[in-house]
Amino acid sequence: MTIAVFTLSLLGAMALGMPIAFALIICGVALMSTIDMFDSQIVAQNIINGADSFPLMAVPFFMLAGEIMNKGGLAKRIVNVAMVAVGHVRGGLGYVTILASCILASLSGSAAADAAALGALLVPMMVAAGHDKAHAAGLVAAGGIIAPVIPPSIGFVLFGVAANVSISKLFLAGIFPGLMLGLGLCVAWWWVARHENLTPPPRASLKQIATAVADGFWALMLPVIIIVGLRFGIFTPTEAAVVVAVYSLIVATLVYRDLKPSQLYGVLVSSAVTTSIVLFLVAAALVSSWLITVSEISAQVVELLRPFMGNRILLMAAIMVVVVIVGTALDMTPTILILTPILMPIVKQAGIDPVYFGVLFIINNAIGLITPPVGVVLNVVCGVSQISMEDIIKGVWPFMIAQLIVLFAMVLFPSLVTVPARWLAG
């Protein structure tokens, strides 16, 4: 009964066009009424407690860092480095996109921001070189979703808070899987571009390579600072967010000087607006999360999944299929906040490593950003690249399938995630 009330109230509120945050509150109120314990003070207190979390302070700083990087010229210099590195090979601009996506992912942690930056820079270049526009835009969109997997990742912060899992361990565990997603895209791009008879640009000279690397040095140093700082315990993920924001601001304003003082106000306002949306979602989700625990919905879901409980791989596969389906209808943040409190008791009872589960869960949610009809990143790239949704859906399929194959390879072989994670964590 409570599962039906939870599902119908949430979907019903969303169907009426209600914002996700308010739909989550309505869902919580409906559950409270069902179990006869409605109290407006409990609702208000859970909303306040939902946003009152030290790890969540990382969110506004990562948002700010992403805005600064895109406006401050860091993204442009990363693309230049990727261009001189792999731009000369057959289908080189595609590999430039993938390499730039992986590097940018280690800077901002925002799929939409990375996809917007790369879409504006690389889609016109790929079309001018003769590549199909739909495949070019699809590759940019698929490359953008690596951002929530390679640290710093806002998705890992939200999951870590909701699931009470170490965010530092999640960050370090996401590095190798994120690179595997990039490798999967390389294979898919090779398959897509193998019949294109295009002449690649000449190989960059050593002088051009040295110039591009020197120009992008300060941008390239940022992922090194983050990984070294987390690996050796120099700072926490929340402190890392502050380091990233301050470092980005200094580089963009004093080193590259692409970000003018007059632009700072707009950058701060934009990041504040985005942050307020995310944090209100988190606060509202705690209402339904608390009710999920009180009304024992997790226990009921455990019973439904009990036939799979004896086999961890089968259970993980079943959960991943459910998350893929949910990801076609919901954005990443609400999916994390809604499903985490339901799935974590199942994961713990089955003896699955919470960090391993968290990495696969976030990858799955990231892929949801390019699944129609809701795919946020698809919409961003459509707007930036001036391409129709129908065309980009056709173009993104090969790359989305490649990333799903990588995801389910990690389901079948958990050591692909756990072994590098243990090594990086020391």
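Looking only at segment 362-413, which residues are surrounded by 20 or more Cβ atoms within 10 Å (Cβ to Cβ) and in contact with a Lys or Arg (Cβ under 8 Å, 6 or more places away or on another chain)?
Once the filter is applied, which keeps residues that are surrounded by 20 or more Cβ atoms within 10 Å (Cβ to Cβ) and in contact with a Lys or Arg (Cβ under 8 Å, 6 or more places away or on another chain), segment 362-413 yields S385, I387, G395.
Among the residues that make up segment 66-82, is at least one of them over 28 Å from A112 (Cβ atoms) and surrounded by fewer than 21 Cβ atoms within 10 Å (Cβ to Cβ)? Working first, answer last.
Looking only at segment 66-82, we keep the residues that are over 28 Å from A112 (Cβ atoms), and these are none.
Looking for residues that are over 28 Å from A112 (Cβ atoms) and surrounded by fewer than 21 Cβ atoms within 10 Å (Cβ to Cβ), one finds none in segment 66-82, hence no.
For segment 100-123: of the residues being among the polar types (S, T, N, Q) and assigned to a loop (DSSP other than H, G, I, E, B), which is nearest to N379 (Cα to Cα)? Before you say what the answer is, go through the steps one by one.
Restricting attention to segment 100-123, the residues satisfying the condition of being among the polar types (S, T, N, Q) are 101, 106, 108, 110.
With assigned to a loop (DSSP other than H, G, I, E, B) added as a condition, the list becomes 106, 108, 110.
Details: S106: 23, S108: 19, S110: 15 Å.
Here the residue is S110.
Restricting the first residue to segment 318-329 and requiring it to be free of Cβ contacts under 8 Å to residues at least 24 places away in the same chain, which pairs with a second residue that is crowded, with 16+ Cβ neighbours inside 10 Å and part of a helix (DSSP H, G or I) meet a Cβ separation below 7 Å and a spacing of at least six or different chains?
A318/F308
Any chance you could count how many residues in segment 18-32 are more than 17 Å from F280 (Cα to Cα) and modelled with pLDDT of 80 or more?
Of segment 18-32, the ones more than 17 Å from F280 (Cα to Cα) are 30-32.
Next cut, modelled with pLDDT of 80 or more only: 30, 32.
So the count comes out to 2.
Residues of segment 21-58 being outside any helix (DSSP H, G or I), surrounded by 13 or more Cβ atoms within 10 Å (Cβ to Cβ) and either among the β-branched types (V, I, T) or over 27 Å from the mean Cα position of the chain (by Cα) (or both), which ones?
Of segment 21-58, the ones outside any helix (DSSP H, G or I) are 35-39, 52-54.
Narrowing the set further to residues that are surrounded by 13 or more Cβ atoms within 10 Å (Cβ to Cβ) leaves 35, 38, 53.
I35, F38 - these are the residues of segment 21-58 that are outside any helix (DSSP H, G or I), surrounded by 13 or more Cβ atoms within 10 Å (Cβ to Cβ) and either among the β-branched types (V, I, T) or over 27 Å from the mean Cα position of the chain (by Cα) (or both).
Could you please let me know if V246 is free of Cβ contacts under 8 Å to residues at least 12 places away in the same chain, surrounded by 14 or more Cβ atoms within 10 Å (Cβ to Cβ), among the β-branched types (V, I, T) and part of a helix (DSSP H, G or I)?
On the way: free of Cβ contacts under 8 Å to residues at least 12 places away in the same chain: yes; surrounded by 14 or more Cβ atoms within 10 Å (Cβ to Cβ): yes; among the β-branched types (V, I, T): yes; part of a helix (DSSP H, G or I): yes.
Here the answer is yes, as V246 does meet what is asked.
Can you confirm whether segment 303-312 contains a residue that is at pLDDT 85 or above, assigned to a helix (DSSP H, G or I) and either touching a His at 6+ places or on another chain (Cβ under 6 Å) or in the same structural domain as V140 (by TED's automatic domain parsing) (or both)?
Yes, segment 303-312 contains a residue that is at pLDDT 85 or above, assigned to a helix (DSSP H, G or I) and either touching a His at 6+ places or on another chain (Cβ under 6 Å) or in the same structural domain as V140 (by TED's automatic domain parsing) (or both).
Please determine whether any residue of segment 225-239 is assigned by TED's automatic domain parsing to the domain that holds I68, farther than 18 Å from A75 by Cα and acidic (D, E). Give the steps one after another, and end with the answer.
Within segment 225-239, the first condition is being assigned by TED's automatic domain parsing to the domain that holds I68, and the residues that meet it are 225-239.
If we keep only those that are farther than 18 Å from A75 by Cα as well, we get 227-239.
Going one step further and asking which of them are acidic (D, E), we end up with 239.
Yes: one or more hits.
In segment 371-426, which helices (runs of 4 or more DSSP H) lie fully inside it and hold 3 or more residues that are closer than 23 Å to V192 by Cα? Spell out the reasoning first.
Numbers: elements: 376-385, 389-412, 415-425.
Result: 376-385, 389-412.
What is the number of the single condition among (1) hydrophobic (A, V, I, L, M, F, W, C); (2) under 24 Å from D331 (Cα atoms); (3) part of a helix (DSSP H, G or I) that M18 does not meet?
(3)
Check every one of the helices (runs of 4 or more DSSP H) wholly within segment 124-221 and list those with 3 or more residues that are in contact with an Asp or Glu (Cβ under 9 Å, 6 or more places away or on another chain) and assigned by TED's automatic domain parsing to the domain that holds V86. It would help to see each step written out before you state the result.
Numbers: elements: 133-144, 154-163, 167-173, 175-193, 206-215.
Once the helices (runs of 4 or more DSSP H) in segment 124-221 are filtered for at least 3 residues that are in contact with an Asp or Glu (Cβ under 9 Å, 6 or more places away or on another chain) and assigned by TED's automatic domain parsing to the domain that holds V86, what remains is 133-144.
Picking from G143, G66, G72, which residue would you name as being more than 26 Å from D391 (Cβ to Cβ) and at pLDDT 80 or above? Walk me through it before giving the result.
Details: G143 fails: more than 26 Å from D391 (Cβ to Cβ); G66 fails: at pLDDT 80 or above.
Residue meeting the stated conditions: G72.
So for segment 284-296 (the condition being of a type outside the set (A, V, I, L, M, F, W, C), within 25 Å of T371 (Cβ to Cβ), modelled with pLDDT under 90 and touching a Cys at 6+ places or on another chain (Cβ under 8 Å)), does at least one residue qualify? Talk me through it step by step, then tell me what you get.
Of segment 284-296, the ones of a type outside the set (A, V, I, L, M, F, W, C) are 288-289, 293, 295-296.
Cutting the leftovers down to within 25 Å of T371 (Cβ to Cβ) gives us 288-289.
This time we only want the ones that are modelled with pLDDT under 90, so: 288-289.
Okay, now just the ones that are also touching a Cys at 6+ places or on another chain (Cβ under 8 Å), so 288.
Looking for residues that are of a type outside the set (A, V, I, L, M, F, W, C), within 25 Å of T371 (Cβ to Cβ), modelled with pLDDT under 90 and touching a Cys at 6+ places or on another chain (Cβ under 8 Å), one finds at least one in segment 284-296, hence yes.
Please verify whether F357 is free of Cβ contacts under 8 Å to residues at least 60 places away in the same chain, buried (at least 20 other Cβ atoms within 10 Å of the Cβ) and on the phi < 0 side of the Ramachandran plot, treating the condition exactly as stated.
Working: free of Cβ contacts under 8 Å to residues at least 60 places away in the same chain: yes; buried (at least 20 other Cβ atoms within 10 Å of the Cβ): yes; on the phi < 0 side of the Ramachandran plot: yes.
So F357 passes the test.
Charged (D, E, K, R), in contact (Cβ under 8 Å) with a residue 60 or more places away in the chain and not assigned by TED's automatic domain parsing to the domain that holds A21 - does that describe any residue in segment 337-352? It would help to see each step written out before you state the result.
So in segment 337-352, the residues charged (D, E, K, R) come out as 348.
Filter once more, keeping what is in contact (Cβ under 8 Å) with a residue 60 or more places away in the chain: none.
Checked against the condition, which is being charged (D, E, K, R), in contact (Cβ under 8 Å) with a residue 60 or more places away in the chain and not assigned by TED's automatic domain parsing to the domain that holds A21, segment 337-352 yields no hits at all.
Determine, yes or no, whether F62 is part of a loop (DSSP other than H, G, I, E, B), in contact with a helix residue (DSSP H, G or I) (Cβ under 6 Å, 6 or more places away or on another chain), among the aromatic types (F, W, Y) and closer than 30 Å to I26 by Cβ.
On the way: part of a loop (DSSP other than H, G, I, E, B): no; in contact with a helix residue (DSSP H, G or I) (Cβ under 6 Å, 6 or more places away or on another chain): yes; among the aromatic types (F, W, Y): yes; closer than 30 Å to I26 by Cβ: yes.
The answer is no for F62.
The values are calculated or read from the model by the stated rules, or taken from the named source; none is laboratory data. All values reported here derive from a predicted model rather than from experimental measurement. As a convention, Cβ positions derive from the backbone with ideal geometry for all residues, glycine included, and neighbour counts pool all protein chains shown.
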